[in-house]
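Remarks on the structure that follows.
The values are calculated or read from the model by the stated rules, or taken from the named source; none is laboratory data. As the structure is a prediction and not an experimental result, all values here were calculated from the model. Here the Cβ positions follow ideal geometry from the backbone for every residue, glycine too, while neighbour counts run over all protein chains shown. For the accessible areas, the whole protein counts, side chains as well, though only heavy atoms, and no ligand, DNA or RNA atoms are used. Shrake-Rupley method; radii C 1.70, N 1.55, O 1.52, S 1.80 Å.
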Amino acid sequence: MKKILSSIIGSGVLMLLLSGCGGSEESSNKAVEKKDPPKQAEQKKVENPKTDEEGNVILDQVGQKTKDASATAELMKIKKVNEVVNIAPIKATVHDIKVIKLTDISDDMKQQIEYMTDKKAIEPVYYIQISLTAENTSDKNIAWNSLHRVVTDKGEQLDPNQSILMSNFDTEFLGKVTQEDFYGMVLGKGKEDIHKVKLVFNSSADNDTYEDITPEQQVEYTLD
């Protein structure tokens with residue numbers, strides 16, 4: 001079979017060459033275009049992930065992986081933002097946005113994902129992770145509920161209340177206090193390859209009267 005296919009392919013090439021030679025002598029003596037030799041592709045070595053002071057693994061380079069009893073996590077995308085969003089008197093600093101893929105998911109982890117979200121934990125599971133720090137610059141106590149919605153360029157609207165990551169963020173923001181907050185929202189099937197994400201932050205309000213101080217704020221980031 002291979003010989004027959006080679007014969008057919010060879011005949012086709014030969015016919016093309018013969019038809020090309022049917023022109024004038026001028027066309028057959030055209031200079032052959034010289035091409036530069038291919039360059040070596042720039043390859044970045046994937047470093048081993050680091051751990052913080054509490055022993056948590058930090059994935060900050062695409063391709064890095066970590067594994068524990070619950071799942072294997074691989075970093076697919078990362079956007080290092082480090083920008084401040086002003087929801088006066090709250091200043092929210094968005095540190096980074098990551099897309100993480102989970103495989104080898106334990107049964108307990110699958111149950112947790114399905115309990116905390118409206119999605120089935122069918123491998124692989126992709127989620128978007130958002131890390132931020134918020135500071136109350138006022139002496140007054142402020143009511144602020146951090147992220148309200150996350151919208152991707154795949155037309156998916158994600159609810160931060162369905163985060164699979166636990167945060168100790170307190171919505172009653174005492175005066176001159178800084179808090180860390182983070183979210184992990186599972187992406188829908190077929191909607192994992194996101195390139196843009198919009199973050200919608202809740203309004204800030206007086207903790208005693210609940211009157212709004214600053215309305216909702218939106219920011220958009222490109223992940224690529």
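Which pairs have Cβ atoms under 9 Å, sit 6 or more apart or on different chains, and link a residue in the range 157-172 that is closer than 18 Å to residue 136 by Cα to one that is open to solvent by 50 Å² or more (accessible area, probe 1.4 Å) and part of a loop (DSSP other than H, G, I, E, B)?
169/145; 171/145; 172/141
Checking the condition on the phi < 0 side of the Ramachandran plot, touching a helix residue (DSSP H, G or I) at 6+ places or on another chain (Cβ under 9 Å) and either of a type outside the set (Ser, Thr, Tyr) or modelled with pLDDT under 95 (or both), which residue from 148, 195 passes?
Just one listed residue meets the conditions, 148.
Within the range 49-65, can one find any residue that is within 30 Å of residue 176 (Cβ to Cβ), at pLDDT below 95, open to solvent by 100 Å² or more (accessible area, probe 1.4 Å) and more than 17 Å from the chain's Cα centre (by Cα)?
yes
Quick grid of which residues meet (1) at pLDDT 95 or above; (2) closer than 17 Å to residue 221 by Cβ:
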| residue | (1), (2) |
| --- | --- |
| 117 | yes, no |
| 158 | yes, yes |
| 171 | no, no |
| 177 | yes, no |
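Check whether at least one residue in the range 154-171 is assigned to a strand (DSSP E or B), open to solvent by less than 70 Å² (accessible area, probe 1.4 Å) and over 23 Å from residue 112 (Cβ atoms), and report yes or no. If you could, list the steps in order and put the result at the bottom.
Of all residues in the range 154-171, those assigned to a strand (DSSP E or B) come to 157-158.
Then keep just the ones that are open to solvent by less than 70 Å² (accessible area, probe 1.4 Å); that gives 158.
Filter once more, so that each one left must be over 23 Å from residue 112 (Cβ atoms): none.
Taking every residue of the range 154-171 in turn, none turns out to be assigned to a strand (DSSP E or B), open to solvent by less than 70 Å² (accessible area, probe 1.4 Å) and over 23 Å from residue 112 (Cβ atoms).
How many of the residues in the range 172-181 are open to solvent by 80 Å² or more (accessible area, probe 1.4 Å) and outside any loop (DSSP other than H, G, I, E, B)? Walk me through how you get there before you give the answer.
So the first thing to find is which residues in the range 172-181 are open to solvent by 80 Å² or more (accessible area, probe 1.4 Å), and the list is 172, 174, 176, 178, 180.
Remaining after also requiring outside any loop (DSSP other than H, G, I, E, B): 172, 178, 180.
Selection size over the range 172-181: 3.
Of the conditions (1) within 18 Å of residue 93 (Cβ to Cβ); (2) surrounded by fewer than 18 Cβ atoms within 10 Å (Cβ to Cβ), residue 191 satisfies every one except a single condition; which number is it?
Among (1) within 18 Å of residue 93 (Cβ to Cβ); (2) surrounded by fewer than 18 Cβ atoms within 10 Å (Cβ to Cβ), the lone unmet condition for residue 191 is (1).
Residue pairs, Cβ under 9 Å, 6 or more apart or interchain, first in the range 195-223 and closer than 23 Å to residue 157 by Cα and in a loop (DSSP other than H, G, I, E, B), second open to solvent by 90 Å² or more (accessible area, probe 1.4 Å) and of a type outside the set (Lys, Arg). List them.
From residues that are closer than 23 Å to residue 157 by Cα and in a loop (DSSP other than H, G, I, E, B), the pairs are 195/224; 202/216; 203/212; 203/216.
Mind telling me which of the residues 177, 219, 125 ends up being farther than 27 Å from residue 56 by Cα and of a type in the set (A, V, I, L, M, F, W, C)?
Numbers: 177 fails: farther than 27 Å from residue 56 by Cα; 125 fails: farther than 27 Å from residue 56 by Cα.
None of the other options fit; the residue is 219.
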